[in-house]
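To start, the structure under review is shown below, and the notes come after it.
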Amino acid sequence: MKIALIGYGKMGKEIEKVALLRGHQIVLKVDEHNASSYTDEELTQADAAIEFSTPHTAYNNILRCFKCKVPVVVGTTGWLDKIEEVKSECLRTGNTFFYASNYSIGVNLFFQLNKHLASLMNSYPIYTPVMEEIHHIHKKDSPSGTGITLAEGVIAELDRKTSWAEGDSKDPSVLSIHSKREGEVPGTHIIRYASPIDEISISHIAHNRQGFAFGAVIAAEWIQGKKGIWSMDDMLGFRNANQSS
């Protein structure tokens, strides 16, 4: 498979290593030096694009992939105010869009565990949930896309929480997220349910970026021959056939 890497920072380089090990070819690398100069002809050489850029460039990068009819796997977070526009454009133009807030297989299993625990805790209002996340100091969005996905998972299953907010909230209907940025931490996420009697917590700790890179490459392989809007839930079998495909 021929892959275009849109975003060639630390994640892009890690994705390149995984892709090459799996026998793929990198036909285009886009970074700050050529972001405004690479051509559509270069992009159309790719069987798939893997987009890990920045929140302010992701939207245009995705639309350019649609224009060139290149299936795109997107890992950039912090731009989701425009995701409904992207989905609509994807379906209108008959393209392929795969988005995940986190491509780690372990994290996506953790998403499912998080929702299941929240559903169990729905009957026990004595427990108050709080979320904590730790990422490296270069992380541009806060909370992270992973943190937001976890928060949405809790809110979907826990009737007493209807929204989330960063920092401490005095509103009992709001899920508090404490976001920390430290050193080169790849990503740590903790959900705690505390009562006056005890505490239950679950956590996911990433040791490096390899899990994220591996998942992104697997997603690029998986979408070959598919049209529509896809996610890790589809790829991992947590949801049956995507209704938009």
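Results, tabulated for the structure shown:
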| item | result |
| --- | --- |
| Check on G228, under 19 Å from Y103 (Cα atoms) and among the small types (G, A, S) | yes |
| Set A213, A206: member being aliphatic (A, V, I, L, M), buried (at least 17 other Cβ atoms within 10 Å of the Cβ) and modelled with pLDDT under 95 | A206 |
| Test: residue in segment 2-21 that is touching a Phe, Trp or Tyr at 6+ places or on another chain (Cβ under 9 Å), buried (at least 24 other Cβ atoms within 10 Å of the Cβ) and of a type in the set (S, T, Y) | no |
| Residues satisfying the stated conditions in segment 56-109, i.e. in a helix (DSSP H, G or I) and either within 30 Å of S203 (Cβ to Cβ) or acidic (D, E) (or both) | A58, L80, D81, I83, E84, E85, E89, I105, G106, V107, N108, L109 |
| Matching residues, segment 23-42, being touching a residue at least 12 places away in the same chain (Cβ under 8 Å) and surrounded by 14 or more Cβ atoms within 10 Å (Cβ to Cβ) | H24, I26, V27, L28, K29, V30, D31, A35, E42 |
| Qualifying strands (runs of 3 or more DSSP E) (wholly inside segment 139-245; at least 2 residues being in contact with a Cys (Cβ under 8 Å, 6 or more places away or on another chain)) | 228-230 |
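Conditions tested, residue by residue: (1) in contact with a strand residue (DSSP E or B) (Cβ under 7 Å, 6 or more places away or on another chain); (2) within 29 Å of D47 (Cβ to Cβ); (3) surrounded by 21 or more Cβ atoms within 10 Å (Cβ to Cβ).
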| site | (1), (2), (3) |
| --- | --- |
| A151 | yes, no, yes |
| A156 | no, no, no |
| S163 | yes, no, no |
| P186 | no, yes, no |
| A194 | yes, no, no |
| W222 | no, yes, no |
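The values are calculated or read from the model by the stated rules, or taken from the named source; none is laboratory data. The model shown is predicted, which means the values in this text are computed figures rather than measured ones. Cβ atoms come from the backbone with ideal geometry, glycine included; neighbour counts cover every protein chain shown.
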